[in-house]
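This report refers to the structure that appears directly beneath it.
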Amino acid sequence: MTMTQLIFRSLFVAAFLAASALAQPVKTEPGLALTYTVGAASDTVSAPNAWLYVPAGQPPTPFLSAGKFTATFTGFISVDLRGDYLFKAEASGTVKVELGTNIVLEFTGDGKKASEPTKPVRLGKGNNALKVTFTSPASGDAMLRLLWSEKGSLWEPVHAGMVSRAVANESLVQQNKLRLGRELFFEARCAKCHTTDAGAPELTMDAPSFEGIGVRRHFGWMANWILDPKAQRATATMPKLLHGPTAQADAEAIAAFLASQTGAAPAGELKKDDESIESGKKLVEALHCTGCHNVPNIGDPDAKKLNLTHVNAKFPPAALLAFLKNPGTHYAWTRMPKFNFKDGEAEQLAGFLSSIALMAKQPGPPTDAAILTRGKELVQSSGCLNCHTLKLDNQFKAKPLAELAAGQWTAGCLAEAAAGKAPHYDFARAEREALQAFAATDRASLKRHVP
């Protein structure tokens, strides 16, 4: 083989390999990548489709300030068969739609009338590159909705299952980490100890009140929960406050003191006859309780859901009934909804839940004065009263958020293992990294509420 032939063969092989690499399908995931830009700042989020609504005067995301913005959607429209489609937009602002290398629509609207339909646009089988660029109006609400039609008569948003984006979008990965950090900051009630200015409603997230808790919870359950919340519920957001050889005794002392906080006891009786229990089971199914809870013999168990086999250990019977009727009475931010039961339904549901839970004799709380005094001191000094309300002097102090530099978010509550007297949240590594990344921001997102 001559040198010329060798050169041509090498070039052919290189060209073939390059073409093969280009022909490899792009790995995608559901949704479009949406990048908002305000001035020099930007934030990338996942969008289920090419649509948005930002009320006048509000920021598009918590990580951006309010003001004029641009929004750029990127990704793909995927169709099973090649075909011609028409597009139009409803917008309050200016929008440009690009498919592949072609601009197929440009429109400025006031939100009252949609654009004229485009000419038929040929989409190839599989992924078709999509880019939608939107600029908010000078004033008023910003709104965009991209519609399509195959025949020009029935217009609808592009089906959510037909839009996707390339995986491993670096901007989206990084911004999702910040969003997770911000969410964890709220969920862990960090601002209850490390106080900051008022802002997003989530900063006010509370915990169950201690007022009268002795008639609403059993002593034994409280002691176990205080000792190690995650051992009772894997998804618990309450940290482990007690460490070391005295942890068990301290937990029991706190529980004993809380058990002494009594008041008017809840009234009512559970209905536990066979007919009522069967009616309660039907309520569980009708209310879709298994969406959040693991119910024995109903639905598939899920480690992220709350088990209901503990209700007898947790609640005195009448307290369970009262909780079902109005879950938010002593806990405003509870995720349990109020179902507004009809007469007798709450009693039937409570009877069913009690029938499927383990039955155990409840130990009485200690009444020794020294134990109660110790429990009271621990409640005052361990941080309990930063989240839970009780008419008692709170002696626990922590630095305000403004005094916690990003470099300090590796110890204390965020330490990998329990250390000293700091609450231990047992965050996963990815969660600690998300909180640390959030700490490195200006934290102005805590002041912004973007539903």
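When V121 is tested against (1) touching a residue at least 40 places away in the same chain (Cβ under 8 Å); (2) among the aliphatic types (A, V, I, L, M); (3) surrounded by 13 or more Cβ atoms within 10 Å (Cβ to Cβ); (4) over 19 Å from A47 (Cβ atoms), exactly one condition is not met: (1). The condition (being in a helix (DSSP H, G or I) and either out of contact with any Gly (no Cβ under 9 Å at 6 or more places or on another chain) or not polar (S, T, N, Q) (or both)) is satisfied by just one residue among L147, L130, L172, L86: L172. If the condition is being hydroxyl-bearing (S, T, Y) and closer than 25 Å to G111 by Cα, then the stretch 143-171 contributes S149, S153. Of all residues in the stretch 257-269, those that are touching a Leu at 6+ places or on another chain (Cβ under 6 Å) and either under 19 Å from A360 (Cα atoms) or crowded, with 21+ Cβ neighbours inside 10 Å (or both) total 1. Of all residues being touching a Ser or Thr at 6+ places or on another chain (Cβ under 6 Å) and farther than 21 Å from I213 by Cα in the stretch 330-361, which is surrounded by the fewest Cβ atoms within 10 Å (Cβ to Cβ)? Just the residue, please. Ranking the candidates gives L358 first.
Please state which one of P266, P327 is out of contact with any Gly (no Cβ under 7 Å at 6 or more places or on another chain), in a loop (DSSP other than H, G, I, E, B), more than 14 Å from A357 (Cβ to Cβ) and touching a residue at least 24 places away in the same chain (Cβ under 8 Å). Unique residue meeting the criteria: P266. Could you say whether any residue in the stretch 172-189 is over 28 Å from the mean Cα position of the chain (by Cα) and over 27 Å from I77 (Cα atoms)? No, because not a single residue in the stretch 172-189 is over 28 Å from the mean Cα position of the chain (by Cα) and over 27 Å from I77 (Cα atoms). Does the stretch 26-39 contain any residue that is of a type in the set (G, A, S), farther than 30 Å from G126 by Cβ and either touching a helix residue (DSSP H, G or I) at 6+ places or on another chain (Cβ under 6 Å) or modelled with pLDDT of 95 or more (or both)? Yes, some residue in the stretch 26-39 is of a type in the set (G, A, S), farther than 30 Å from G126 by Cβ and either touching a helix residue (DSSP H, G or I) at 6+ places or on another chain (Cβ under 6 Å) or modelled with pLDDT of 95 or more (or both). Among the residues of this structure, D393 counts as one that is farther than 19 Å from M238 by Cα and either out of contact with any Asp or Glu (no Cβ under 7 Å at 6 or more places or on another chain) or aliphatic (A, V, I, L, M) (or both). Is there any pair with a first residue in the stretch 28-40 that is over 22 Å from K68 (Cα atoms) and a second that is assigned to a strand (DSSP E or B) and aromatic (F, W, Y) whose Cβ atoms are under 8 Å apart and which are 6 or more apart or on different chains, and what are they? From the stretch 28-40, the pairs are T28/F76.
Mind checking which residues of the stretch 194-242 are surrounded by 20 or more Cβ atoms within 10 Å (Cβ to Cβ) and of a type in the set (V, I, T)? Listed by number, the residues that qualify are I213, I226.
Among residues that are under 17 Å from L358 (Cα atoms) and modelled with pLDDT of 95 or more, F315 is included. In summary, K113 fulfils each of the numbered conditions (1) under 30 Å from L404 (Cβ atoms); (2) assigned to a loop (DSSP other than H, G, I, E, B); (3) more than 22 Å from the chain's Cα centre (by Cα) with the single exception of condition (1). A single member of Q436, Q395 is surrounded by fewer than 13 Cβ atoms within 10 Å (Cβ to Cβ) and either assigned to a strand (DSSP E or B) or at pLDDT 95 or above (or both), and it is Q395.
Could you tell me which of the residues A191, A207 is under 30 Å from H330 (Cα atoms), part of a loop (DSSP other than H, G, I, E, B), touching a residue at least 60 places away in the same chain (Cβ under 8 Å) and hydrophobic (A, V, I, L, M, F, W, C)? Don't jump to the end; show me each part of the working.
On the way: A191 fails: part of a loop (DSSP other than H, G, I, E, B).
One residue alone meets the criteria, A207.
Of the residues making up the stretch 52-76, those that are buried (at least 21 other Cβ atoms within 10 Å of the Cβ) and not in a loop (DSSP other than H, G, I, E, B) are L52, V54, A71, F73, G75. Given the condition touching a residue at least 24 places away in the same chain (Cβ under 8 Å), surrounded by 16 or more Cβ atoms within 10 Å (Cβ to Cβ) and within 20 Å of R233 (Cβ to Cβ), answer yes or no: does some residue in the stretch 293-301 qualify? Checked the stretch 293-301: at least one residue is touching a residue at least 24 places away in the same chain (Cβ under 8 Å), surrounded by 16 or more Cβ atoms within 10 Å (Cβ to Cβ) and within 20 Å of R233 (Cβ to Cβ). Taking every residue in the stretch 210-232 that is modelled with pLDDT under 95 and pairing it with any residue that is surrounded by fewer than 19 Cβ atoms within 10 Å (Cβ to Cβ) and in a loop (DSSP other than H, G, I, E, B), at least 6 positions away or on another chain, the pairs with Cβ-Cβ distances below 7 Å are K230/A236; K230/D426. Among what's in the stretch 148-167 and is under 31 Å from the mean Cα position of the chain (by Cα) and surrounded by fewer than 19 Cβ atoms within 10 Å (Cβ to Cβ), pick the residue that is farthest from W51 (Cα to Cα). Applying the filter and picking the extreme gives V167. Screening A422 on (1) of a type in the set (A, V, I, L, M); (2) in contact (Cβ under 8 Å) with a residue 12 or more places away in the chain; (3) within 24 Å of A251 (Cα to Cα) shows it passes everything except condition (2).
Among what's in the stretch 241-263 and is among the small types (G, A, S) and not in a loop (DSSP other than H, G, I, E, B), pick the residue that is nearest to R374 (Cα to Cα). Out of the qualifying residues, it is A253.
Would you say S42 is closer than 20 Å to H159 by Cα and modelled with pLDDT of 95 or more? No, not satisfied. Here are the criteria: (1) surrounded by 13 or more Cβ atoms within 10 Å (Cβ to Cβ); (2) in a helix (DSSP H, G or I). Tell me which single one A402 does not satisfy. Every listed condition holds for A402 apart from (1).
The values are calculated or read from the model by the stated rules, or taken from the named source; none is laboratory data. Just so you know, these numbers come straight off a predicted model, no measurement behind them. When we count neighbours, we look across all protein chains shown, and the Cβ atoms used for this are built from the backbone with ideal geometry, even at glycine.
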